[in-house]
Structures are given as C-alpha cells and as structure tokens.
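First the structure, in the form of structure tokens, and then the observations on it.
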Amino acid sequence: MAITAKYILVCDDFRREDNGKFIIIGLYTPDMLVPQIPFAMPTLTFFMNLESERPGNFTFRIKIQHQDTGNILGQGMGMIPVLNPQQPIIMPVKIGGIIFNAPGLYGISLEIDGQQDPIVTTFNLQLGAIAGAPQPGMPRLGM
C-alpha cells in the first residue's frame, strides 16, 4: 500500500468554488519570507494532492518541525478516505497556532499508518522584507 504525493502546497487558506475549482490564498514559496522573528501564523494550510494504489481509509499524522533543532511547531491527525484509486486525493489540512521562533529549514511530515516512509516536504523560513509591503521610512502612496 503506497500513498504518494503529487504535490503539497503551503498556503494561508483555500476556497472551493461552486464549479469545483480551488482558490489558493496566500501561497508560500519554498523560501518563505517573514518580516520578524518570532512570527505567529494563526493557521497554516497544507493543500495536498495525493495518489493511492488501493481504496480504504488510512489514518495519518502530520507535523511541522524545525529541521535543525527538531522542535515540533504543530501537529495533527486524521483520516484519508480513498474511494477510487484512479482519482487524485485532494486533501487540505490546517494546523493552527504556529509560532516560528527561528529562521531555517522546516519540514512538513505526513506519516500514514501502514506505510514505512513518511511523505516530507520542506521550506526555508527567512527573515526579510516582503515584496510590496511598506518598509520603515518609505513613503506610503495612496489616494
């Protein structure tokens, strides 16, 4: 039994339109810039597109971990329902109350019961100016 990831997007939130399309809100790149450390995120969403070899209900655990220190910032658990293995599994998971206390490499680990290796994706949190955001000492333009 193998569940694999086609992709995992890290974002603030998502919405599903009436026509079935998804709107991804606040998509983060692999190099996530934050304006200050510590940085609090009320909610972080992992929008996952998974594939399975067979139908079933699979228990999972997910965690966010700083790779250098091993500190776990947030975690959760749930169930992956697979009805038809020929169809992709779209599974958004939200974890709240995350506080980043240090820059560096972070990992998102999805552990699925009965599967030896977790699905892992990483992103690099960096302290820096956000493009387009007003910076101290910069004039603000407006009407």
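Each reported figure results from applying straightforward, stated rules to the coordinates on display, with no laboratory input. All values derive from a computational prediction rather than experimental measurement. Glycine also receives a Cβ, built like all others from the backbone with ideal geometry; neighbour counts cover every protein chain displayed.
The figures follow:
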{"quantity": "Ala40-Ile90 FRET efficiency (beta carbon distance; Förster radius 30 Å; 0.05 resolution)", "calculated": "0.60"}
{"quantity": "Segment Asp13-Ile98, length gained on full extension (0.36 nm per residue, minus Cα span)", "calculated": "29.2 nm"}
{"quantity": "Mean Cα-pair separation over length for segment 3-126, i.e. relative contact order, pairs under 8 Å, 6 or more apart, %", "calculated": "30"}
{"quantity": "Selection from Gly76, Gly20, Ile8, by position along the positive dipole direction of segment 3-126 (Cβ)", "calculated": "Gly20"}
{"quantity": "Cα centroid separation - segment 81-126 against segment 1-64, whole Å", "calculated": "7"}
{"quantity": "4 °C / 1.567 mPa s Stokes-Einstein diffusion coefficient of the chain, Kirkwood radius on C-alpha pairs, µm²/s", "calculated": "77"}
{"quantity": "Counting DSSP beta bridges with both ends in the chain, the antiparallel % (nearest 5)", "calculated": "90"}
{"quantity": "Among Val34, Ser52, Pro88 the positive-end extreme of the charge dipole of the chain (Cβ point charges)", "calculated": "Val34"}
{"quantity": "Computed magnitude of the charge dipole of segment 3-126 (debye, nearest 20; Cβ of K, R +1, Cβ of D, E -1)", "calculated": "180"}
{"quantity": "Eligible lysines near Lys21 by straight Cα distance, threshold 21 Å, same-chain separation 8 or greater", "calculated": "Lys6, Lys94"}
{"quantity": "Residue among Phe22, Phe123, Phe47 with the largest mean-square fluctuation in a Gaussian network model of the chain, springs linking Cα atoms under 10 Å", "calculated": "Phe22"}
{"quantity": "Rounded FRET efficiency, nearest 0.05, which uses the C-beta distance separating Asn124 from Glu53 and R0 of 30 Å", "calculated": "0.40"}
